[in-house]
Every structure is written in C-alpha cells, then in structure tokens.
C-alpha cells in the first residue's frame with residue numbers, strides 16, 4: 001500500500017512569510033507525528049496526534065508553530081513568520097496506533113532566506 | 001531523562017563483511033522500545049528493526065539483528081554480509097513506555113552513524 005506522503009517536497013520562502021506543510025499518513029493509521037531534522041539539532045520531536053487530538057505538543061519550539069489534523073487523516077504543520085533558524089527537513093510519521101512502529105514520509109525540505 | 005548515545009560518527013566496512021553499530025540508552029522507565037532506522041542520501045527514514053524492553057530474545061530481520069544487552073543498556077545493530085546499498089546514516093531511537101492512548105509516543109533519536117560500505 002501507499003506510504004506516508006508529504007508535500008511540498010521542497011519549499012523556499014522569505015523570512016517573515018508563513019508556510020504550510022502537509023502530511024498524508026498511511027491509511028488506517030491513527031497516530032501521526034511531526035519531527036524536525038536540522039544540522040545543529042539532529043532529529044527532534046515536534047508534536048504527536050492520536051486521531052484529531054494532540055496529547056503531546058511539547059516539542060513545538062515556539063508559538064509560531066502550530067499543527068492540526070482533520071478527519072483523523074491529513075495533518076498540516078504551519079509555521080508563521082518564518083525565521084532562518086526554521087530551515088530544516090520536516091518529517092512526518094504515522095503508526096497504526098501509538099504503540100506501533102512509526103513509518104516516515106520523505107520529508108519537506110524548508111529553506112528560509 | 002531519556003537519552004540515546006551513538007558514539008560512532010562514521011564507520012567503514014568492506015562489502016560482504018559484518019558490521020556492528022553501537023547504541024546505548026538511558027531511561028528510568030522499565031517499559032520502552034528501541035528502534036533502528038536507516039536514512040539513505042535520499043533522506044527518507046526507513047524502519048529496520050524493533051526491540052521491546054520485555055522481549056526475551058534479540059530481534060532479527062533478515063540481515064539485521066539487534067544485540068540487546070539490557071543490563072548494559074545497549075542495543076547495537078548488527079548488519080551481516082554488508083552490501084553497497086547499506087551505505088547510509090543509521091539512527092537508533094527509543095520510545096519510553098508501551099505507547100498507545102494519551103501517552104507520549106515520541107521517539108528520541110541518537111545523533112546517527114554514517115556507514116560507508118567499500119567494494
């Protein structure tokens with residue numbers, strides 16, 4: 001079956017602009033996760049969804065970051081007023097439920113100029 | 001606090017030989033899961049193998065096996081018969097707790113080991 005998909009694959013934006021990153025999890029997976037991978041910080045957890053609710057959003061670095069999930073499926077990560085330090089690869093993962101293995105998408109490479 | 005340590009930034013191995021990638025972890029939770037992921041230059045994280053803290057036997061998946069030493073808090077990945085396509089970054093990760101429900105199911109990752117397989 002289809003894996004986790006993310007769009008766009010690459011995004012270049014100017015400092016101060018808002019961006020939206022999309023994640024389509026594997027069909028039937030109730031748990032969805034966002035991570036960020038950057039040279040300086042490695043792989044960091046951002047937020048976890050179970051269904052449409054987010055029991056753990058402790059990894060969101062600032063209030064400029066928000067995420068939502070609708071219909072228990074697609075999730076959108078929004079970064080407002082982007083800064084250069086937001087440049088990173090944003091990875092989405094999903095799992096059958098919270099206790100199962102997480103499968104990752106190809107990521108969105110964000111570059112803030 | 002939970003932590004994953006991978007002390008080998010890079011490793012070389014000859015094709016067809018076995019290689020061990022080190023991973024140690026720290027947690028106070030008696031229930032946890034350990035994972036290894038492969039990240040080729042294309043960037044996608046590929047799941048390789050999982051070991052639960054209560055599993056009695058070491059996990060194996062094809063050419064991958066996990067050398068789980070609970071008392072030493074180590075979970076080394078062994079790749080047998082290395083292939084050129086094994087060249088990639090390898091990440092060890094841990095999830096505290098058994099997961100599910102409202103528990104935090106986040107993965108904590110190590111810094112990775114870059115493996116280069118030489119012909």
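The values are calculated or read from the model by the stated rules, or taken from the named source; none is laboratory data. Bear in mind the structure is a predicted one, so any value in this text is a computation, not a measurement. For neighbour counting, all protein chains shown are included, and Cβ atoms are generated from backbone atoms with ideal geometry for every residue, glycine included.
Give the range A:75-113 a look and list any residue that's farther than 16 Å from residue A:57 by Cβ and facing chain B (nearest Cβ under 7 Å), or say none. So that I can check it myself, show each step before the final result.
Going residue by residue through the range A:75-113, those that are farther than 16 Å from residue A:57 by Cβ are A:81-89, A:91, A:94-97, A:99-113.
A:89, A:91, A:97, A:99, A:101, A:102, A:103, A:104, A:106, A:107, listed by residue number.
Which of (1) in a loop (DSSP other than H, G, I, E, B); (2) touching a strand residue (DSSP E or B) at 6+ places or on another chain (Cβ under 6 Å); (3) within 14 Å of chain B (Cβ to nearest Cβ) is the odd one out, the single condition residue A:48 does not satisfy?
Answer for residue A:48: the failing condition is (1).
Please go through the range B:51-86 and give me each residue that is under 17 Å from residue B:39 (Cα atoms), buried (at least 18 other Cβ atoms within 10 Å of the Cβ) and over 10 Å from the mean Cα position of the chain (by Cα), ordered by number.
Selection gives B:79, B:82, B:86.
Are any residues in the range B:10-39 in a loop (DSSP other than H, G, I, E, B) and either closer than 30 Å to residue A:23 by Cα or at pLDDT 95 or above (or both), and if so, which ones?
First, pick out the residues of the range B:10-39 that are in a loop (DSSP other than H, G, I, E, B): B:15-18, B:22-23, B:27-31.
Passing the criteria: B:15, B:16, B:17, B:18, B:22, B:23, B:31.
Being within 10 Å of the chain's Cα centre (by Cα), surrounded by 18 or more Cβ atoms within 10 Å (Cβ to Cβ) and modelled with pLDDT under 95 is the requirement here; does residue A:90 meet it?
When the stated conditions are applied, residue A:90 does not pass them.
Working carefully through the options B:21, B:34, find the one that is crowded, with 19+ Cβ neighbours inside 10 Å and over 14 Å from residue B:95 (Cβ atoms).
Working: B:34 fails: over 14 Å from residue B:95 (Cβ atoms).
That would be B:21, the only listed residue that is crowded, with 19+ Cβ neighbours inside 10 Å and over 14 Å from residue B:95 (Cβ atoms).
List the strands (runs of 3 or more DSSP E) inside the range B:40-119, counting only whole elements, that have at least 3 residues being within 10 Å of chain A (Cβ to nearest Cβ).
On the way: elements: B:46-52, B:64-69, B:74-79, B:88-96, B:113-118.
Filter on the range B:40-119 gives B:46-52, B:88-96.
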